[in-house]
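Inspection log for the structure reproduced underneath, given as structure tokens.
All of the numbers you see were taken from the coordinates with simple rules; none came from a lab. These numbers were taken from a predicted model, which means no experiment stands behind them. Cβ coordinates were reconstructed from backbone atoms using ideal geometry, including for glycine residues, and neighbour counts include every protein chain displayed.
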Amino acid sequence: MSLSKIQLTHPTKTINGTVQLTGSKSESNRALIIQALSKGAVAVSNLSAAADTVIMQRAIKQAATTDGENASIVDIGPAGTAMRFLTSYLNLQAGNFILTGTERMQQRPIGILVDALKSLGAQITYDKSEGYPPLHIQGGKTFSASRVTIKGDVSSQYISSLLLIAASLKDGLQLDIEGDLTSRPYVTMTLNMLQEAGIKHQWTANSISIAPQAFKPATISVEPDWSAASYWYAIVAHSENGTVVLPGLKAHSLQGDIAIVDIMAHFGVASSFQEDGLHISKVSDGSDQQVFDFKECPDLAQTVVALAAALKRNITIAGVETLKIKETDRLAALKTEIEKFGATIIADGEVYHVKTENVHAPAQLSFDTYEDHRMAMAFAPLAMVFQEVTINEPMVVEKSYPDFWQHLQKQGFQISK
């Protein structure tokens, strides 16, 4: 489906229903790599319906059927996780691959991961600009080294990408993390999922070691997506009276974005894990906490910034430097969009202040999405606050939550195309 824009309103400002979220994209894409490397030993259930996961499945299937002579062009479009994970995975597949993506993907850096792989013996070259896709990967080569050092403060996906292939390398892998580790829960997620499939590891200080070993028969069950849950938290926070049930979400989750439970308590949303799922309810105006650190959960920043700005609540955010190299420069995009109703973001080194003294309520607001699914879903809840909200290029949500707009309609949002 292709739509240039949609208009959102919510007449009652009351939410009360059940929303069945799709499987986690983060878990699904890791599970697909593990399944492929296990050569059939590992099964996966409740895969995400997200476009990124569909792209990953297609790319893995394509890599398995290449003739090994002519270069096989693996185009992952805008799927960032697929780009990072396949950059490592394709080295283990016999074949000659060109790994590429959209114009924006070709502007997103990959050099740190490529350098790490080349230091291990991978044969990778750049087809256009040094440090960026497209990549030319000569797969099926035996790695000559088993120890690598990689920066921890740029993207945890680089680290996860290497860990996913570690047990399949001739000598395994010792990965030394340099500096602070951003998004630690995502690295923990990778290791826990590998462990579900029988792959053991040792993590001592800043060093993770995985010996060469075989995958064991297992079924990895993908939990619903906590990132998707965050938008329902924002909707409930904006509501005059709101309760939503989200089946399948667990109190002990592999996903770092479960941090939304604690964050949204400060915005007056209570969470209760019950037999039929997670219940979230509007209970108060929240606390007066102003400082929020997203180092462990950067994908939640857009949701919280848009929420705070519309609620006229000044906050300070940290741990968001990685947002500059996502689907768009998310910090710049957030600043531009919240300024449309009088809020702004002021940078102070690596700390950012959201200022709301001049927030007002225009009769109509139109938000751009920058080819970024999280921009669309972070700003859609503002239709609970402002009279009419327009979301431009709304189908970007297919990247991670394809049923988002249908789910909003079922919960009382009026959507005109």
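Some points to look at:
- In order along region 285-290, phi translates into HN-Hα couplings of 8, x, 9, 9, 4, 10 Hz, rounded to whole numbers, per the Karplus curve 6.51 cos²θ - 1.76 cosθ + 1.60 with θ = phi - 60° and x for Gly and Pro.
- Here is the tail figure for the chain: Cα pairs spaced more than 38 Å apart come to 21 percent of all pairs.
- The alpha-carbon of Lys118 sits under 18 angstrom from the alpha-carbons of these lysines, leaving out residues fewer than 8 places away in its chain: Lys128, Lys141, Lys151, Lys170.
- For the chain, the longest principal axis of the C-alpha atoms and the axis of helix 111-120 are separated by about 20°.
- Greater than 23 Å apart at Cα, pairs in Lys200/Lys399; Lys39/Lys61; Lys326/Lys399; Lys25/Lys250: Lys200/Lys399
- Two-site label geometry, Glu130 and Asn358: point separation in nm, points 7 Å out along Cα→Cβ: 4.3
- The long axis of helix 184-196 is offset from the longest Cα principal axis of the chain by roughly 50 degrees.
- Put the Cα centre of region 214-231 next to the Cα centre of region 1-59 and the gap is 10 Å.
- To the nearest ten degrees, helix 301-310 and the longest principal axis of the Cα atoms of the chain are 10 degrees apart.
- In straight-distance terms, cross-link reach from Lys5 covers every one of the aspartates and glutamates whose alpha-carbon lies under 12 Å from its own, apart from those fewer than eight places away in the same chain; here that gives Asp368, Glu393.
- Across region 70-79, computed HN-Hα scalar couplings (Karplus, 6.51 cos²θ - 1.76 cosθ + 1.60, θ = phi - 60°) run 6, 5, 9, 7, 9, 9, 9, x, x, 7 Hz from first to last residue, x flagging Gly and Pro.
- Value of D in µm² per second that Stokes-Einstein yields for region 25-221, Kirkwood Rh from Cα pairs, at 37 °C (0.692 mPa s): 198
- In the chain, the DSSP-assigned H stretches of four residues or longer account for a calculated mean residue ellipticity at 222 nm of -8500 deg cm²/dmol, using -39500 (n - 2.57) per stretch and the full residue count as denominator.
- For Val304, Val148, order by how many other beta-carbon atoms lie within 10 Å, fewest first: Val148, Val304
- Less than 5 angstrom separates the built amide H of Thr316 from those of Val291, Phe292, Val354, all sequence-distant by 5 or more or on a different chain.
- Amide proton proximity set for Lys151, modelled H, under 5 Å, gap of 5+: Glu178
- Build a GNM of the chain with springs between Cα atoms under 10 Å apart, and of Glu371, Glu321, Glu350 the one that fluctuates most is Glu350.
- Gaussian network model of the chain, springs between alpha carbon atoms under 10 Å - residue of Asn314, Asn29, Asn206 with greatest fluctuation: Asn206
- Positive-end residue of Thr390, Asn192, Leu365, charge dipole of the chain with Cβ unit charges: Asn192
- Modelled spin-label separation between Asn16 and Glu103, with each label point placed 7 Å from Cα along the Cα-to-Cβ direction: 4.9 nm.
- Site pair Asp329 and Ile112 shows an inter-label distance of 1.8 nm when each label is modelled 7 Å from Cα along Cα→Cβ.
- Here the Karplus relation 6.51 cos²θ - 1.76 cosθ + 1.60, evaluated at θ = phi - 60°, turns the backbone of region 249-263 into coupling constants of 6, 10, 5, 10, 10, 6, 8, x, 6, 4, 4, 4, 4, 6, 4 Hz, with x for every Gly and Pro.
- Exposure proxy shown here: for Glu240, Glu393, Glu27, the number of other Cβ atoms within 10 Å sets the order, fewest to most, as Glu240, Glu393, Glu27.
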